[in-house]
Amino acid sequence: MANRKHEAGSLETLIGQDSIIRGEIISRGVVRVDGALEGSIQADYLILGRSGSVKGDMSAREIVIDGTVEGDLQAEELVEINPDGAVEGNIRTAKLIITEGAFFSGTSFMERPRKVEKQEETAGEPDEPSPEDEPSEEKKTLKRIFSFF
């Protein structure tokens, strides 16, 4: 995840390496913590840098850990603990990646992603498509709509 670009956009909040924050952080967008946080944090995407530490709970759509966490993590889509990362607490997510060399002490709870059902349009559709309505080879892909919460 650290190498991927997010739909949420660019970095919204940065807690620098020499910063110490005590309290609760609630933010939209991407939050990166390279300093120390004592308290909870909630954002769309959370990145805990190698020099970052959190003593408290973390909640986001996706969480990437390169630092240390003492608290519970809840992610709608993904929690990724990289080789320099350490988590002491419970994790609840749809997808969990623990890279070789990472540390995790706690319990993980895997949740199935919730699917958004595609609404079928039945009014005015022909029973069988005519040959000119046949999609090209490029368009013959199965489309699925997923939403993870």
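Summary table
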| item | result |
| --- | --- |
| Restricting segment 50-93 to residues that are among the small types (Gly, Ala, Ser) and either surrounded by fewer than 21 Cβ atoms within 10 Å (Cβ to Cβ) or modelled with pLDDT under 95 (or both), the residue that is nearest to residue 113 (Cα to Cα) | 59 |
| Odd one out for residue 121 among (1) among the acidic types (Asp, Glu); (2) at pLDDT 95 or above; (3) in a loop (DSSP other than H, G, I, E, B) | (2) |
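The values are calculated or read from the model by the stated rules, or taken from the named source; none is laboratory data. All values reported here derive from a predicted model rather than from experimental measurement. Note that we place each Cβ from the backbone using ideal geometry, even for glycine, and neighbour counts take in every protein chain shown.
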